[in-house]
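What follows is a single structure, and I will ask about it in a moment.
The values are calculated or read from the model by the stated rules, or taken from the named source; none is laboratory data. Everything numeric in this text was worked out from a predicted model, so none of it was measured. Note: ideal-geometry Cβ built from the backbone for every residue, glycine included; neighbour counts use all protein chains shown.
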Amino acid sequence: MKKTLTLAITIASLAATYAWAEEPRSGGVINTVIQPEPPGIIAGVHQNAPTQTVSGNIYESLLRYDTDLNPMPQLARDWTVSEDGLTYTFYLHEDATWHDGEPFTSADVVFSTDVYLREMNPRTRTILSHVKSIEAPDDHTVVFTLKNAFGPFILAFEAGTMPMMPKHIYENTDFRTNEANNHPIGTGPFKFESWDRGRVIKLVKNEDYYEEGLPYLDGINWHVIPDASSRAVAYENGTIDVLPANSVENFDIPRLSKLDNTCRTEQGQEYFSPFAMLWMNNREGPTADKRFRQAVMYALDREFVRDVLWNGLGKVPLSSFGSNASFQNDSLPPYEHDPERARELLDEMGYEGEEIRLLPIPYGETWVRWAEAVQQNLQEVGINVSTQSTDIGGWNQRLAEWDYDLAFTYLFQYGDPALGISRTYISSNIAKGSPWNNVEGYKNERVDELFDLAATAYPDKKREEYYHEAQEILHDEVPVGWLLELGFPTLYRCDVKNLVTTGIGLNDGFKNAWFDR
Amino acid sequence: MNFFARFAQNRGALVGLIILTTIILMAITAPLFFPESPWRMLQRPFLTPFEVDGFPMGTDTMGRNVAAGLMHGAWVSLLIGLVSTTVALLIGLPLGAIAGYYGGLLDDALMRFTEFFQTIPSFALAIVLVAIMQPSVTSIVLAIALVSWPPVARLVRAEFMSLRNREYVEAARLVGQGNTTIILRQILPNAMSPIIVLASLMVATAILLESSLSFLGLGDPNVMSWGYMIGAARTVIRQAWWLSFFPGLAILLTVLALNLVGEGLDDALNPKLSRERS
Amino acid sequence: MLYARLIIMRLLKAVIVLFLIVIFNFFLIHMAPGDPAVVMAGEAGATDAEFLNQLREQFGLDQPLYVQLWNYVSGIATLDFGYSYRQQTPVFDLIMDRLPATLLLTGTAFVMSLGLGILAGSMAAARAKKLSGSLIMALALVFYATPLFWVALMAVMLFSVQLEWLPAYGYYTVGTDLTGFALVLDIGQHLILPATTLALFSMAVYTRMTRTSMLEASQQDYVKTARAKGLAPGVIQRRHILRNALLPIITLAGLQAGQMVGGAILTETVFAWPGIGRLMFEALMQRDYNLLLGIFFFSAALVIAFNIITDLVYGLVDPRIKESS
């Protein structure tokens, strides 16, 4: 399957979408915020969201993805996938260099994927478990040979998931404590300049970037402002040009959107597609009963929450697969807000007012309000809910130890069910110690089998059959509550052009951005 | 003059007493006026005050009745303030009195113990305690009490140290009064006025402390306190001033009333001073 | 000479107290649910136990608690505060990085609140029966009764958003490379709002305390004697009344000085002031034990220092107190 044609179409559609009518101009330093302050900005060492946001502009992977999640060239200028879906060949940019001047070659790719990331990144390690060998036939070609077909493999070459790390710096060192971690060296459009802890992270333009003319900006300042209201003020008084997704409270969004010279986009989240869910402990108590879990779904007024707490952004999900994930089965009947039906189900199962412990997620005011709404919804159908507030540490610990009845969470879907969805439902993923695996303790052999088959089936048509059947079962058994596919808008000054051009948003977005001032 | 007459001479104290009584009445009668849970989402969110009948203070971010929250919250806030202050006084008073009166090694030991609790800044310690016990009314009250008693102990000690060598104490000692009698009869009454002032301030501080904990996301999510209401309204302060204004005013009035009453008590308990003033 | 020995004794005791505090805090912090590995794995979206174990091993959290305590205490003994798990930087460096900002903020707020508080308090005491005295007290009450963070938010709304007089947040203007006097001026502008906010509450406390104790002191016999001797009212006010009224204020000020780091948590959060208070809160939320313990150690040392100073000043002001130890 030759990818060059798709590539040409992608570029054409991009050009149409973003209407590059005006010639981009160089110059200007952009000011934005990073929240919370990342623990470090080495892409391979830390995998949390703020690290990826900053490091995505310093480090690169082989590909990027547009807002429909079609692959775009990055460090790989071209690529091919064999007919059987087992061999992926990448052709690298020949004049790409590291920020310290060393050339970037296929050896770096092999080192990064086969050595560095296998050790450092648990999510990437899982993906790479499908890979049999990674070879470099010449300096600018890399061949991944898979053990089995793995459809979503082409989606794994994103800067946060598969960042390229310099072999000449890290080989045979302790990756976590290497001195070079104080000064990141990547191949990206921006170079690390300074990090004034608690204040600002500064990146400057990479003058030797291998893509001619890019980037346009002279630099990026990521300000650290820990309070959401202060971040809003910083935007209002002009200090900040861009408010990234999730950086101000939802309640402030409508007001800020109305300010002069303010544009808003909900794009740039497609790769992650955050999906808010309610863990329901399938192991014990009333939540172990399917009817109770269905009753919860009927009791929740999800439209109300979307309209009141999320400014009408986002989608009320049908069931386990979000609308951005491939293979969604949209023939399933949605769970409507139906308190009467919820009460019937509770009567039927003989629920007698046992206390249900609800664990909110401590991610700010919107989430606290949301927990209050859920508590009210559930109390109205007669469920005796007590909310148990925790901080981040407590929340992680209690989920990892399965110490809850109902608990909020939200998960990234990473564009493919095998990357972002199956992990929540397959029984091999039941293990204490992590708040991100099959925390609810759901076990269904058929579902396990279907997810297994679907991940390695080829081509997509076959995967779809398996996934549709899995969704039917999940829809009926409600292992978790499906709350909302979140919509996080990015706010920015309208004279910042081409800010969000990919499905990864700001994480690799500043490369194309420019000031029309 | 009897106690009440002296108290009533201070007009401010009377006003304070009236406000405080009103707030206590609010707390008691809340279930009569608003039998429904203050958490119920009853109307459109962000109704301005008096926009709709039955919602004199409007609705909050979730369409809940602010007036109902305010009245139910009075109970929670007062309770947190009073209980934690009582616990703090029960710990701090005896420790401070013993340390200040006896001095020497005992003083040293007790003061090291007090210092021990004070070496972590109290707000920081409160946060840590709530984080360990995880937020709930009990853990918040306990945390506030545990960080509030050392000032009591130190103030009492300082007063006792300064008073124990006074002439009238020496006189009492000469006529053969026991230590306990001297502490309770001679020194304590004379040390009482700053302690009362401090205690009335502490109730207020506890209410403020609880609101600060709520601000940082460490409040109890099951009870509606004024602190919670301000904490929750903080993010929408630009759109809906009334959400933080009314509970803020309630805290302000309560703290004000507590202080005025404290002053009145001070006057009533310290007749020499009040005679001079009037 | 006696004084010097006294100080040495107090310092020795201080070291013992600090040592006990380290142990106490160590166990206290380990009682909180979760550990740094859980938090960091949670942030990374890590789904396997291997990752968690790697982190625990790296942090030394896989060892028994007493071994961890021993490692920590023996580190402290050589003034090695360890590494921050999360930031992979020596704790000492992180604290030293943030300390100047906090000292500047709390120091300014402390001086401001103490100075203005005593001034306002004595004015209110001198005008106890006048309207102006009542007005001062009413104002102090309002400051006292309004939540700190609420004042902070209101101040930002008014002075930064509406009037655009002062910067809303931060330590200095980012993006400008100011030096010398211009930088001092810039930091000063950024300092006004947070320092004032932080000072208001303590100022109200000092005002009330000063007034109460001055009124009380003015009833003492020696003041009456002084009056009878015909000394000028101003002299009596300063030399006799204020001097004695200062006792409880000194107690309070000694305490408040150490406490300001706590109050700074809120102020630093609202104003994005890069200080110790915020670092502490973040460290607690991240369960970054070493960093949190290090901050507690430093603030504990500060508090102890203030206590010693308080006692010394106390002895100077009140001749009746005989240091028995």
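Tell me the helices (runs of 4 or more DSSP H) entirely within segment A:397-463 that contain at least 2 residues that are surrounded by fewer than 18 Cβ atoms within 10 Å (Cβ to Cβ) and modelled with pLDDT of 85 or more.
In segment A:397-463, the matching helices (runs of 4 or more DSSP H) lie at A:445-456.
Filter segment C:39-69 for residues that are modelled with pLDDT of 80 or more and among the aromatic types (F, W, Y); which is farthest from A:L419 (Cα to Cα)?
If we take residues in segment C:39-69 being modelled with pLDDT of 80 or more and among the aromatic types (F, W, Y), then C:Y66 is farthest from A:L419 (Cα to Cα).
Yes/no per residue for (1) within 16 Å of the chain's Cα centre (by Cα); (2) under 24 Å from A:N246 (Cα atoms); (3) more than 14 Å from chain C (Cβ to nearest Cβ):
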{"residue": "A:E23", "(1), (2), (3)": "no, no, yes"}
{"residue": "A:S26", "(1), (2), (3)": "no, no, yes"}
{"residue": "A:P50", "(1), (2), (3)": "yes, yes, no"}
{"residue": "A:R64", "(1), (2), (3)": "yes, yes, yes"}
{"residue": "A:D95", "(1), (2), (3)": "no, no, yes"}
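For a quick check of your reading of the model, give me the residue pairs whose first member lies in segment B:66-91 and is more than 10 Å from B:W149 (Cβ to Cβ), whose second is among the charged types (D, E, K, R) and assigned to a helix (DSSP H, G or I), with beta-carbon atoms closer than 6 Å and at least 6 apart or on different chains.
So the pair list comes out as B:I80/B:E210.
Might you check whether a residue that is surrounded by 21 or more Cβ atoms within 10 Å (Cβ to Cβ) and at pLDDT 75 or above occurs anywhere in segment C:225-234? Give the steps one after another, and end with the answer.
Filtering segment C:225-234 for residues surrounded by 21 or more Cβ atoms within 10 Å (Cβ to Cβ) gives none.
No: segment C:225-234 contains no residue that is surrounded by 21 or more Cβ atoms within 10 Å (Cβ to Cβ) and at pLDDT 75 or above.
Here is a follow-up. Regarding segment B:24-40, can at least one residue be identified that is away from chain A (no Cβ under 14 Å), part of a helix (DSSP H, G or I), of a type in the set (V, I, T) and within 18 Å of the chain's Cα centre (by Cα)?
In the first step, residues of segment B:24-40 are kept if they are away from chain A (no Cβ under 14 Å); the result is B:24-35.
Filter again for part of a helix (DSSP H, G or I), leaving B:24-33.
This time we only want the ones that are of a type in the set (V, I, T), so: B:24, B:28-29.
Among the residues that remain, those that are also within 18 Å of the chain's Cα centre (by Cα) are: B:24.
Scanning segment B:24-40, I find at least one residue that is away from chain A (no Cβ under 14 Å), part of a helix (DSSP H, G or I), of a type in the set (V, I, T) and within 18 Å of the chain's Cα centre (by Cα), so the answer is yes.
Out of everything in segment B:41-93 that is surrounded by fewer than 20 Cβ atoms within 10 Å (Cβ to Cβ) and among the β-branched types (V, I, T), what residue ends up being modelled with the lowest pLDDT?
Going through the qualifying residues, I end up with B:V52.
I'd like the full set of residues that are of a type in the set (V, I, T), within 16 Å of B:I230 (Cα to Cα) and without any contact (Cβ under 8 Å) to a residue 24 or more places away in the chain, limited to segment B:35-64. Working first, answer last.
Keep residues of segment B:35-64 that are of a type in the set (V, I, T), which gives B:48, B:52, B:59, B:61.
After this cut, where a residue has to be within 16 Å of B:I230 (Cα to Cα) as well, the list is B:59, B:61.
The answer is B:T59, and nothing else.
Between a residue in segment C:223-249 that is without any contact (Cβ under 8 Å) to a residue 24 or more places away in the chain and any residue that is loosely packed, with under 13 Cβ neighbours inside 10 Å and among the hydroxyl-bearing types (S, T, Y), which pairs come within a Cβ distance under 8 Å, given they are 6 or more apart or on different chains?
Close Cβ pairs satisfying both conditions: C:H240/C:Y222.
For residues that are more than 8 Å from every other protein chain (Cβ to nearest Cβ) and not hydrophobic (A, V, I, L, M, F, W, C), scanning just segment B:127-149, find the one that is nearest to the chain's Cα centre (by Cα).
That would be B:S148.
Could you please find all residues in segment A:257-278 being within 19 Å of the chain's Cα centre (by Cα) and not polar (S, T, N, Q)? Please lay out each step first, then the result.
So in segment A:257-278, the residues within 19 Å of the chain's Cα centre (by Cα) come out as A:265-278.
If the condition is that a residue be within 19 Å of the chain's Cα centre (by Cα) and not polar (S, T, N, Q), then A:E266, A:G268, A:E270, A:Y271, A:F272, A:P274, A:F275, A:A276, A:M277, A:L278 are the ones that fit.
While we're looking at this one, here's another question. For A:Y351, state whether it is crowded, with 23+ Cβ neighbours inside 10 Å, in a loop (DSSP other than H, G, I, E, B) and either within 21 Å of the chain's Cα centre (by Cα) or away from every other protein chain (no Cβ under 14 Å) (or both). Show your work before the answer.
On the way: crowded, with 23+ Cβ neighbours inside 10 Å: no; in a loop (DSSP other than H, G, I, E, B): yes; either within 21 Å of the chain's Cα centre (by Cα) or away from every other protein chain (no Cβ under 14 Å) (or both): yes.
No: the conditions fail for A:Y351.
So if I check each of B:A99, B:A13, B:A109, B:A124, which one is within 14 Å of chain C (Cβ to nearest Cβ), within 30 Å of B:E159 (Cβ to Cβ) and at pLDDT 90 or above?
Details: B:A13 fails: at pLDDT 90 or above; B:A109 fails: at pLDDT 90 or above; B:A124 fails: at pLDDT 90 or above.
Only one candidate passes the filter, namely B:A99.
Restricting segment A:117-126 to residues that are more than 19 Å from A:A76 (Cα to Cα) and surrounded by 19 or more Cβ atoms within 10 Å (Cβ to Cβ), which is nearest to the chain's Cα centre (by Cα)?
Residues of segment A:117-126 that are more than 19 Å from A:A76 (Cα to Cα), as a first pass: A:118-123, A:125-126.
If we keep only those that are surrounded by 19 or more Cβ atoms within 10 Å (Cβ to Cβ) too, we end up with A:120-123.
On the way: A:M120: 18, A:N121: 15, A:P122: 15, A:R123: 12 Å.
Out of the qualifying residues, it is A:R123.
In addition: Could you say which residue among A:L359, A:L318 is modelled with pLDDT of 90 or more and not small (G, A, S)? Steps first, answer last, please.
Details: A:L318 fails: modelled with pLDDT of 90 or more.
After applying the criteria, what remains is A:L359.
Follow-up question, since we're still on this one. Give me a count of the residues in segment C:105-127 that are farther than 15 Å from C:L242 by Cα and more than 14 Å from chain A (Cβ to nearest Cβ).
Residues of segment C:105-127 farther than 15 Å from C:L242 by Cα: C:105-113.
Those left that are additionally more than 14 Å from chain A (Cβ to nearest Cβ): C:106-113.
Qualifying residue count, segment C:105-127: 8.
List pairs: first in segment C:195-217 and assigned to a helix (DSSP H, G or I), second aromatic (F, W, Y), Cβ under 7 Å, 6+ apart or cross-chain?
Listed by first residue and then by second, the contacts come to C:L200/C:F143; C:F201/C:F143; C:F201/C:Y144; C:M203/C:F143; C:A204/C:F143; C:A204/C:Y144; C:V205/C:Y144.
Another question, then. Which members of segment A:245-267 meet the condition of being closer than 21 Å to A:A49 by Cβ and assigned to a loop (DSSP other than H, G, I, E, B)?
Once the filter is applied, which keeps residues that are closer than 21 Å to A:A49 by Cβ and assigned to a loop (DSSP other than H, G, I, E, B), segment A:245-267 yields A:A245, A:N246, A:S247, A:V248, A:E249, A:E266, A:Q267.
Within segment C:168-194, track down each residue that is at pLDDT 75 or above and either in contact with a His (Cβ under 8 Å, 6 or more places away or on another chain) or closer than 16 Å to A:E236 by Cα (or both). Reasoning before the result, please.
Kept after step one, since they are at pLDDT 75 or above, are these residues of segment C:168-194: C:171, C:180-194.
The answer is C:Y171, and nothing else.
Right, something else. Condition first: in a helix (DSSP H, G or I) and more than 7 Å from chain B (Cβ to nearest Cβ). Now tell me which residues in segment C:257-274 satisfy that.
Filtering segment C:257-274 for residues in a helix (DSSP H, G or I) gives C:257-271.
Correct list: C:A257, C:M260, C:A264, C:T267, C:E268, C:T269, C:V270, C:F271.
Taking the condition of being among the charged types (D, E, K, R), closer than 24 Å to A:H130 by Cβ and within 25 Å of the chain's Cα centre (by Cα), how many residues in segment A:69-93 meet it?
So in segment A:69-93, the residues among the charged types (D, E, K, R) come out as A:77-78, A:83-84.
Retained after the next criterion (residues that are closer than 24 Å to A:H130 by Cβ): A:78, A:83-84.
Subset that is within 25 Å of the chain's Cα centre (by Cα): A:78.
Residues flagged as among the charged types (D, E, K, R), closer than 24 Å to A:H130 by Cβ and within 25 Å of the chain's Cα centre (by Cα) within segment A:69-93 amount to 1.
Does segment B:236-251 contain any residue that is more than 10 Å from chain A (Cβ to nearest Cβ), in contact with an Asp or Glu (Cβ under 8 Å, 6 or more places away or on another chain), at pLDDT 80 or above and assigned to a helix (DSSP H, G or I)? Reasoning before the result, please.
Start the filter on segment B:236-251 by keeping residues that are more than 10 Å from chain A (Cβ to nearest Cβ), which leaves B:241-251.
Filter once more, so that each one left must be in contact with an Asp or Glu (Cβ under 8 Å, 6 or more places away or on another chain): B:243.
Next cut, at pLDDT 80 or above only: B:243.
Checking the rest, the ones that are also assigned to a helix (DSSP H, G or I) come to B:243.
Yes, that holds for at least one residue.
Next question, about the same structure. Is it the case that some residue within segment B:256-271 is under 30 Å from B:A131 (Cα atoms), out of contact with any Asp or Glu (no Cβ under 7 Å at 6 or more places or on another chain) and either within 11 Å of chain C (Cβ to nearest Cβ) or at pLDDT 80 or above (or both)? Walk me through how you get there before you give the answer.
Within segment B:256-271, the first condition is being under 30 Å from B:A131 (Cα atoms), and the residues that meet it are B:258.
So of that shortlist, the ones also out of contact with any Asp or Glu (no Cβ under 7 Å at 6 or more places or on another chain) come out as B:258.
From the residues that got through so far, the ones that are either within 11 Å of chain C (Cβ to nearest Cβ) or at pLDDT 80 or above (or both) too are B:258.
Yes; the residues of segment B:256-271 include at least one that is under 30 Å from B:A131 (Cα atoms), out of contact with any Asp or Glu (no Cβ under 7 Å at 6 or more places or on another chain) and either within 11 Å of chain C (Cβ to nearest Cβ) or at pLDDT 80 or above (or both).
Regarding C:F149, is this residue within 12 Å of chain B (Cβ to nearest Cβ), in contact (Cβ under 8 Å) with a residue 12 or more places away in the chain and under 20 Å from C:A101 (Cβ atoms)? Lay out the reasoning, then the answer.
Values: within 12 Å of chain B (Cβ to nearest Cβ): yes; in contact (Cβ under 8 Å) with a residue 12 or more places away in the chain: yes; under 20 Å from C:A101 (Cβ atoms): yes.
Yes: the conditions hold for C:F149.
Residues being part of a loop (DSSP other than H, G, I, E, B) and either at the interface with chain A (Cβ under 7 Å from one of its Cβ atoms) or under 31 Å from the mean Cα position of the chain (by Cα) (or both): count how many of those fall in segment C:23-60.
Initial filter on segment C:23-60 (part of a loop (DSSP other than H, G, I, E, B)): C:32-35, C:45-48, C:60.
Retained after the next criterion (residues that are either at the interface with chain A (Cβ under 7 Å from one of its Cβ atoms) or under 31 Å from the mean Cα position of the chain (by Cα) (or both)): C:32-35, C:45-48.
Residues that pass the stated criteria total 8.
Is it the case, given these coordinates, that A:L378 is part of a helix (DSSP H, G or I) and within 14 Å of chain C (Cβ to nearest Cβ)? Give the steps one after another, and end with the answer.
Working: part of a helix (DSSP H, G or I): yes; within 14 Å of chain C (Cβ to nearest Cβ): no.
Here the answer is no, as A:L378 does not meet what is asked.
Output the number of the condition that C:V15 fails; it satisfies all remaining conditions of (1) in contact with a helix residue (DSSP H, G or I) (Cβ under 8 Å, 6 or more places away or on another chain); (2) closer than 14 Å to B:T119 by Cα.
Unmet for C:V15, out of (1) in contact with a helix residue (DSSP H, G or I) (Cβ under 8 Å, 6 or more places away or on another chain); (2) closer than 14 Å to B:T119 by Cα: (1).
Now for a separate question. In segment B:202-234, which residue that is modelled with pLDDT of 80 or more and assigned to a loop (DSSP other than H, G, I, E, B) is farthest from the other protein chains (Cβ to nearest Cβ)?
B:S225
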